[in-house]
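Working notes for the structure below.
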Amino acid sequence: MLVASPEKALCDKVVLTPKINLRSNKQTQDFLMEDLRMDSEVLSTLNTEIMRLWIGCAPKKSSLKMLVKTLEEL
């Protein structure tokens, strides 16, 4: 059985959630902490370098870029 890393799972969640178009840090933080109920301390441990590698071949590139930018500022 394969299990996605937390980073991959979060990217997949952004890509697969209909009508999510992350355009600001505030909107992204609200999505992560209010909608997904994620903890900022846990989010700050995610490897954003690996997430950046996936952006080039993923849909919703701008949303994923905003996700990485927001995570790096936590």
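What follows is calculated from the coordinates using simple rules that are stated; it is not laboratory data. This structure is a prediction, so every number in the text was calculated from the model and none was measured.
Each Cα pair under 8 Å and six or more residues apart adds its separation to the average, and for region 11-74 the resulting relative contact order is 50 percent.
Net length available on complete extension from ARG23 to GLU49 is 7.4 nm, with 0.36 nm assigned per residue and the Cα-Cα distance removed.
Among rounded, prolate and oblate, which fits region 4-74 when a ≥ b ≥ c are the square roots of the eigenvalues of its C-alpha gyration tensor, a/c under 1.5 means rounded, and a/b larger than b/c means prolate? Rounded, because the longest to shortest axis ratio a/c is under 1.5.
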